[in-house]
Structures are given as structure tokens and as C-alpha cells.
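The structure appears below as C-alpha cells.
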Amino acid sequence: MKNIFVITGVILVLINTTVGLIFQDYDTHKMLFGDLSIALSTGLLFLTYSLKTSDGFKIGYTLIFGISGLIRFICAILSTDELKNNIVLLIFIIILSIECLLVFISHSLRNK
């Protein structure tokens with residue numbers, strides 16, 4: 001199952017990069033930010049399925065990480081090239097932090 005996530009993530013990164021290279025309106029920083037978002041979602045899903053966690057966590061996190069990954073990708077598309085006062089970047093970081101915290105919690109609950 002985890003190989004499907006990796007293959008899908010690589011395909012989505014390739015599609016995003018190709019779209020970024022073809023269309024002039026799709027800025028390079030947005031393309032790279034989108035690729036990072038896809039890669040992070042793929043990595044978190046791979047990590048979730050690699051760790052020996054409960055199947056309930058795996059199923060729930062697949063849904064949660066898919067939806068939050070889509071939200072992060074939309075944030076990447078809507079971001080500006082400035083780092084100061086960039087609320088979209090803040091939302092991106094908050095969502096990523098929550099996802100990492102969820103993986104940590106599920107892994108620590110397994111050890112109890």
C-alpha cells in the first residue's frame with residue numbers, strides 16, 4: 001500500500017512540474033511550493049504506513065492527510081513570493097505542524 005502513495009506522489013509532482021514549466025502564469029516559486037506540499041503529503045502517508053500503528057490510525061490519517069494536503073497545495077498556489085506578512089505560508093506551516101503532531105501521537109500511543 002505504501003508503494004502506491006510513493007508512485008502517486010511522484011506522478012503528481014511530475015504533473016505539477018510539467019504544468020509549471022508549460023504555463024507562464026504559474027510562477028516558479030508556486031510550482032516549487034506545490035511540489036513541496038505534494039512531497040510532504042506523500043512522505044507523511046508513507047511514514048504512517050511504515051510505522052507499526054493501528055489500522056484505524058492508518059485509515060483516518062489517509063483521509064486527513066489527503067484533505068490537508070489538498071489544502072496545503074491550494075495554499076501553495078495562492079501564496080505570494082514575499083515571506084513577510086504571508087498568511088498563506090503561516091497556514092501551510094500550521095497544517096504541517098498539526099500533521100506531524102498527529103503522526104507523533106499515533107506512534108507514541110502504539111508504544112503504550
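The numbers here are math on the coordinates, done by the rules we state, and not lab data. Small disclaimer: the values here were computed from a predicted structure and weren't measured. Don't worry about glycine lacking a Cβ; one is built from the backbone with ideal geometry, like all the others, and counts go over all protein chains shown.
Counting every other Cβ atom within 10 Å of each residue's Cβ, F46, F92, F23 order from fewest to most as F23, F46, F92. Compared with the dominant Cα axis of the chain, that is its longest principal axis, helix 87-110 is turned about 20°.
Dipole orientation for the chain: of the candidates S41, T80, S108, S108 has the Cα lying most toward the positive pole (charges on Cβ; Lys, Arg +1; Asp, Glu -1). Rounded to the nearest 20, the Cβ-based charge dipole of region 2-110 about its Cα centre (Lys and Arg +1, Asp and Glu -1) stands at 480 debye. Taking region 2-110, how much of its Cα-Cα pair set, in percent, is spaced more than 25 angstrom apart? Looking at region 2-110, the distances longer than 25 Å represent 25 percent of pairs. The residues packed around G34, meaning those with a beta-carbon under 13 Å from its beta-carbon, carry a net charge of 0 if Lys and Arg are +1 and Asp and Glu are -1. Using only Cα atoms, tell me the angle between helix 55-78 and the longest principal axis of the chain; keep it within 0 to 90° and round to the nearest 10. The angle comes out near 10 degrees.
If each DSSP helix of 4+ residues adds -39,500 (n - 2.57) and the sum is divided by the residues in the chain, what number results at 222 nm, nearest 500 deg cm²/dmol? About -29000 deg cm²/dmol. When all alpha-carbon pairs of region 31-95 are counted, what percent fall beyond 17 Å? Considering region 31-95, 43 percent of its Cα-Cα pairs are separated by more than 17 Å. Taking the Cα atoms only, what angle lies between the long axis of helix 28-50 and the longest principal axis of the chain, rounded to 10 degrees? The two axes meet at around 10 degrees.
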